[in-house]
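First up is the structure itself, then whatever we jot down about it.
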Amino acid sequence: MKEILLAALVLLMSSVTTLHAQAQLAPESVPRITIEELKQQMDNSNLSIIDVRAAGDWEDSATRIKGSIREDPSKVDSWMAKYPSNKTIVFYCS
């Protein structure tokens, strides 16, 4: 499980970079989170975990972070506004 979370967080960084590139923000301005920090925040009601894996990868995977929501990364403009800006949003893929 530790390896899966590590892989997810590594890929999270690339996903966040892609999503923020679409939003025209510099990747270095995007805060990062470690596995341990995420574990500590899992019960936080102000946390939204968004799974941005490709649809086929998501459907074929038996591994999902509890409470995560699957969103299509190619359609960020259609769903991003539904997440409050005062929440912590974690994007991941693996």
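The values are calculated or read from the model by the stated rules, or taken from the named source; none is laboratory data. No experiment lies behind these values; they were computed from the predicted model shown. No Cβ is skipped: glycine too gets one built from the backbone with ideal geometry, and neighbour counts run over all protein chains shown.
Observations on the structure shown:
- Inter-residue pairs, beta-carbon under 8 Å, first within 17 Å of Pro84 (Cα to Cα) and in the stretch 33-57, second among the charged types (D, E, K, R) and in a strand (DSSP E or B), 6+ apart: Ile50/Arg70; Asp51/Arg70
- Filter result (touching a residue at least 40 places away in the same chain (Cβ under 8 Å) and touching a helix residue (DSSP H, G or I) at 6+ places or on another chain (Cβ under 6 Å)) within the stretch 58-86: Thr63, Val76
- Within the stretch 43-66, if we keep just the residues that are assigned to a loop (DSSP other than H, G, I, E, B) and under 12 Å from the mean Cα position of the chain (by Cα), the residue that is surrounded by the fewest Cβ atoms within 10 Å (Cβ to Cβ) turns out to be Arg64.
- Filter result (among the aliphatic types (A, V, I, L, M) and closer than 13 Å to Cys93 by Cα) within the stretch 39-61: Ile49, Ile50, Val52, Ala54, Ala55
- Count of the stretch 68-87 residues which are exposed (fewer than 11 other Cβ atoms within 10 Å of the Cβ) and at pLDDT 90 or above: 5
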